[in-house]
Amino acid sequence: MNGFKIVPQIECYEDAPSFVEANPFCEDDFILISKSVYEHDFKAIIQVGKVFFRSKYGQGEPNSDMVNALIRDFLDSGCKRIIAVGGGSVMDMAKLLCVCESGFDCQYLFDHQDELKHNYPLILVPTTCGSGSEVSNISIVEMLNMKTKLGLAKDPLYADKAILIPSLLNSVPDFYLYTSAVDGLVHAIESYLSARSNVYTRLFQEKAIRLYINNFLQLQQGVDRAQLMESFMVASNMAGLSFANTGTGCVHGISYPLSGTYHVTHGLANSIFLAEVLKMYERLRPEEVLNDLKQLVADCLGCEVKDAFEKLDQLIRFIVEVPTLSSLGMKEEEIVTFSESVVLNQQRLMSNGYVNLNKEQIQEIYKTLF
C-alpha cells in the first residue's frame, strides 16, 4: 500500500499579529511577501528581517528569470531563514530558496534534482485557498526556454511550518479567490483518482471535495464569501496534503503549455480542462474509482450519479467565467504542438492520471475547448 506523510508542522492563527507573536521574526529572516498583503496585514508588525516584495520579480506565475533574480537576492542577503507569505507562486518560489547554495540557478535545480538538500528553515503562509503549496514538496516554474511549465517535486522542498490564517483571504479579489478554489478542487479530484491514493489520502480528498463543493453551492445561493474563508482555507490545506502524497494528473499536465505560453493563471487553466478530462476518462475507463468519484460528487450536489460531472461543470462555470482556448490567444496549429509538448515534458503528471492519455486524445480535448 502507498504510504502517507505530513511533513510540515501545521499551525493555525486567528490573525497575523497572533502568528508573529508565536513565531518572532529575526534580523536574518528573508521575508518574501505580496506587497498588498504586507500593506494590509503585516506592515505594522514586522519590525526586523529583510522584506522582499514578490512584485519586484515580475508579474504572473513564476518563471525561470524571476526565480534566478530571487535566488541572487537571497544568496546576497546572507539570511538564514525564509518566511513566505502569499499565494501559490510566492510559496513555490520560496521553496526553491531553501535548497539553494552558492552558484545555483533555476536550471541547475531542475538538472540536479536528486542532489538537493534542505539548507534553510522555511515557513510558508498561504493567502489563497487553492494551491495547497504550504504542505507539498512541489514547485512549479515556467521554463522560458521551453515555453511550458515544469514541476520540481522533491522532499527537500517541504516547509518546516505551514501557517493557516483564514483572515488573510478577506482581501483577496474574487477572481483570484475563486480560481484558486477551483484549482484546489482539481487537486483533490486528481489526487482521488491517482493510483497512489489510499485509505488515508482518501480521508483528506473526500473532505476537501465536500468542503469546496459546499462552499460553491453556498456562494451560488448568495451567502457572503466572508463566512466561508475558514472552510476554503481548510479545504485547500487538505487538498494540498492529498496531492503531496499522490501527485496530480492529466488536468494539470494538459494545462501547462497553455499557461506557459499565454500566462493563464493556474486555477483558470485547470477550470478550463477539468470537465473534458473527466469526460475522456469516462469514455476510456468508466469503472472503479471513477464511479466512486461520481457518487461522491452526486451526493454533494444532490443530483443523479449519471449527471454528476455535468452538474459539477455547471457549478464551476457559475463560480468562474471559463473562456475558450481561442479567446485566450491560442492558435489552432498549437493544438498539435501543445499536445506534443504535454507528451514530451509532462509525463510526471500524465502517467499519474486515471488514464495516461496519448497525443491524439489530448488533441481531442484541445479541439473541443478551442
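The values are calculated or read from the model by the stated rules, or taken from the named source; none is laboratory data. Quick caveat, the model's predicted, so the values are computed rather than measured. Neighbour counts are summed over all protein chains in view; Cβ atoms, including those assigned to glycine, are modelled from backbone coordinates with ideal geometry.
Return only the number of the condition from (1) crowded, with 21+ Cβ neighbours inside 10 Å; (2) acidic (D, E); (3) over 27 Å from S36 (Cα atoms) that D183 does not satisfy.
It is condition (3) that D183 fails.
Return yes when C98 is farther than 25 Å from S167 by Cβ and either modelled with pLDDT under 95 or not assigned by TED's automatic domain parsing to the domain that holds V141 (or both) and no when it is not.
No: the conditions fail for C98.
Spot the failing condition for K294; the list is (1) surrounded by fewer than 17 Cβ atoms within 10 Å (Cβ to Cβ); (2) closer than 28 Å to Q205 by Cα, and only one is missed.
(1)
Confirm whether I123 is modelled with pLDDT of 95 or more, crowded, with 24+ Cβ neighbours inside 10 Å and either in the same structural domain as Q227 (by TED's automatic domain parsing) or among the polar types (S, T, N, Q) (or both).
On the way: modelled with pLDDT of 95 or more: yes; crowded, with 24+ Cβ neighbours inside 10 Å: yes; either in the same structural domain as Q227 (by TED's automatic domain parsing) or among the polar types (S, T, N, Q) (or both): no.
Considered against the rule, which asks whether it is modelled with pLDDT of 95 or more, crowded, with 24+ Cβ neighbours inside 10 Å and either in the same structural domain as Q227 (by TED's automatic domain parsing) or among the polar types (S, T, N, Q) (or both), I123 comes out as no.
Pairs only if they're at least six apart or on different chains, beta carbon under 8 angstrom, first in segment 61-90 and closer than 18 Å to C26 by Cβ, second acidic (D, E) and buried (at least 17 other Cβ atoms within 10 Å of the Cβ); list them, first residue then second.
Qualifying pairs under 8 Å: C79/D29; K80/D29; R81/D29; I82/D29; I83/D29.
Looking at segment 19-34, which of its residues are under 24 Å from S136 (Cα atoms) and either aliphatic (A, V, I, L, M) or not in a loop (DSSP other than H, G, I, E, B) (or both)?
F19, V20, A22, D29, F30, I31, L32, I33, listed by residue number.
List the pairs whose first member sits in segment 339-355 and is farther than 25 Å from E288 by Cα, whose second member is among the hydrophobic types (A, V, I, L, M, F, W, C) and surrounded by fewer than 21 Cβ atoms within 10 Å (Cβ to Cβ), and whose Cβ atoms are under 7 Å apart, counting only residues at least 6 apart or on separate chains?
So the pair list comes out as V342/M350; N345/M146; N345/L150.
Do we find that E334 is under 17 Å from S259 (Cα atoms) and in the same structural domain as H266 (by TED's automatic domain parsing) in this structure? Spell out how you get there, then give the answer.
Details: under 17 Å from S259 (Cα atoms): yes; in the same structural domain as H266 (by TED's automatic domain parsing): yes.
So E334 fits the description; yes.
Please specify each residue of segment 215-240 satisfying the condition of being of a type in the set (V, I, T) and outside any helix (DSSP H, G or I).
Initial filter on segment 215-240 (of a type in the set (V, I, T)): 223, 234.
Result: V223, single match.
Looking for whichever is in the same structural domain as Q346 (by TED's automatic domain parsing), surrounded by fewer than 23 Cβ atoms within 10 Å (Cβ to Cβ), in contact (Cβ under 8 Å) with a residue 60 or more places away in the chain and part of a helix (DSSP H, G or I) here; the options are R196, R202, R210. Which one fits?
On the way: R196 fails: part of a helix (DSSP H, G or I); R202 fails: in contact (Cβ under 8 Å) with a residue 60 or more places away in the chain.
Going through R196, R202, R210 in turn, the sole match is R210.
For segment 56-85, give me each residue that is in contact with a Ser or Thr (Cβ under 8 Å, 6 or more places away or on another chain) and at pLDDT 95 or above.
L75, V85
Taking segment 183-217, which residues are among the hydrophobic types (A, V, I, L, M, F, W, C) and farther than 19 Å from L290 by Cα? Give the derivation first.
Restricting attention to segment 183-217, the residues satisfying the condition of being among the hydrophobic types (A, V, I, L, M, F, W, C) are 185-186, 188-189, 193, 195, 199, 203-204, 208-209, 211, 213, 216-217.
Of everything in segment 183-217, those that are among the hydrophobic types (A, V, I, L, M, F, W, C) and farther than 19 Å from L290 by Cα turn out to be L211, F216, L217.
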